[in-house]
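Notes for the one structure printed next.
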Amino acid sequence: LYATVNHLAERLSAAGIGSRPVVFICHSMGGIIVKEIIGQGSQKDASPALRKISKASVGAVFYSVPHAGSKLADLGWTLRYLGASPSRAVAHLKTDPHLHEMNSVIRNMCRRGKLQVLSFSEGLPTKLSYVSTHIVPHESAYPGYGEFQVLPDHDHITVCKPRDMTDASFEALVQFLSKIEANIRQ
């Protein structure tokens, strides 16, 4: 994950991301990667690209991000011993002390007013072959800080896809971004 985070930060920085205020909008594992970029960038030994992006980050919107990890990822990683072959990236979604540590870094940034956070959780189970389940349950989708909403009409796949401009997720997103914009203009 560290190589991915550094590579992505270099590419984003080369594209000019970090030269103005940034709000990341992320779904599922994308939120874990963004938290790594912002969190690692706040460390003293961070690369210039990570530092630049972290410093410019003013907000993050998390759609069904497994902040505390995913029991499904734990199960999938365990099943590899039985011949299943989950992606290596699944290892980064397991319930793990590192996720807790990175969540603490982001929580502290939020408490100091350096980052605004809006999190959404899926309200409907997602159909997976023969079973339906919540991919990221509410207790993992809520990071313990920032604003939080359960979207009762969305599953893991549709949680980041508002149906129209009257969808609760769209309205909450627009309000959140408007609030950040107002803060930046002050």
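The values are calculated or read from the model by the stated rules, or taken from the named source; none is laboratory data. Source: prediction; values computed, not measured. Cβ atoms come from the backbone with ideal geometry, glycine included; neighbour counts cover every protein chain shown. When the accessible area is computed, the model is the full protein with side chains, heavy atoms only, and any ligands, DNA or RNA have been set aside. Shrake-Rupley method; radii C 1.70, N 1.55, O 1.52, S 1.80 Å.
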message: Kindly evaluate Asn103 against the criterion of being open to solvent by 10 Å² or more (accessible area, probe 1.4 Å), among the polar types (S, T, N, Q) and within 18 Å of Gly69 (Cα to Cα).
response: yes
query: Can you tell me which residue in segment 52-71 is surrounded by the fewest Cβ atoms within 10 Å (Cβ to Cβ), limited to those that are of a type in the set (S, T, N, Q) and not in a loop (DSSP other than H, G, I, E, B)?
result: Ser54
message: Testing Glu139 on (1) outside any helix (DSSP H, G or I); (2) open to solvent by 60 Å² or more (accessible area, probe 1.4 Å); (3) within 19 Å of Gly69 (Cα to Cα), one condition comes back false. Which one is that?
response: (1)
query: Filter segment 10-37 for residues that are in contact with a helix residue (DSSP H, G or I) (Cβ under 8 Å, 6 or more places away or on another chain), touching a residue at least 40 places away in the same chain (Cβ under 8 Å) and in a strand (DSSP E or B); which is most open to solvent (accessible area, probe 1.4 Å)?
result: Ile25
query: Quick one: would you say Lys44 is part of a helix (DSSP H, G or I) and surrounded by fewer than 21 Cβ atoms within 10 Å (Cβ to Cβ)?
result: no
- request: Quick one: His7 ticks every box in (1) part of a helix (DSSP H, G or I); (2) surrounded by 14 or more Cβ atoms within 10 Å (Cβ to Cβ); (3) at pLDDT 90 or above; (4) more than 17 Å from the chain's Cα centre (by Cα) except a single one, so which number is it?
  value: (2)
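Condition check ((1) in contact with a helix residue (DSSP H, G or I) (Cβ under 6 Å, 6 or more places away or on another chain); (2) part of a loop (DSSP other than H, G, I, E, B); (3) more than 23 Å from Ile38 (Cα to Cα)) across all residues:
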{"position": "Val105", "(1), (2), (3)": "yes, no, no"}
{"position": "Asn108", "(1), (2), (3)": "no, no, no"}
{"position": "Lys114", "(1), (2), (3)": "no, yes, no"}
{"position": "Ser132", "(1), (2), (3)": "no, no, yes"}
{"position": "Tyr145", "(1), (2), (3)": "yes, yes, no"}
{"position": "Ile157", "(1), (2), (3)": "no, yes, yes"}
{"position": "Pro162", "(1), (2), (3)": "yes, yes, yes"}
{"position": "Gln175", "(1), (2), (3)": "no, no, no"}
- prompt: Lys127 fails exactly one of the following numbered conditions: (1) open to solvent by 70 Å² or more (accessible area, probe 1.4 Å); (2) basic (Lys, Arg); (3) at pLDDT 95 or above. What is the number of that condition?
  reply: (3)
Scan of segment 139-158 for residues that are under 13 Å from the mean Cα position of the chain (by Cα) and of a type in the set (A, V, I, L, M, F, W, C), ordered by number: Ala141, Phe148
query: Restricting attention to segment 172-186, which residues are surrounded by fewer than 13 Cβ atoms within 10 Å (Cβ to Cβ) and either closer than 19 Å to Phe148 by Cα or not polar (S, T, N, Q) (or both)?
result: Val174, Gln175, Ser178, Ala182, Ile184, Arg185
- request: Evaluate the following for Leu151: is it out of contact with any strand residue (DSSP E or B) (no Cβ under 8 Å at 6 or more places or on another chain) and among the aliphatic types (A, V, I, L, M)?
  value: no
Which numbered condition Arg111 misses (of (1) open to solvent by 60 Å² or more (accessible area, probe 1.4 Å); (2) over 30 Å from Tyr2 (Cβ atoms); (3) modelled with pLDDT of 95 or more): (2)
query: Hey, Ser169 hits all of (1) part of a helix (DSSP H, G or I); (2) out of contact with any Pro (no Cβ under 6 Å at 6 or more places or on another chain); (3) small (Gly, Ala, Ser) but one; which does it fall short on?
result: (2)
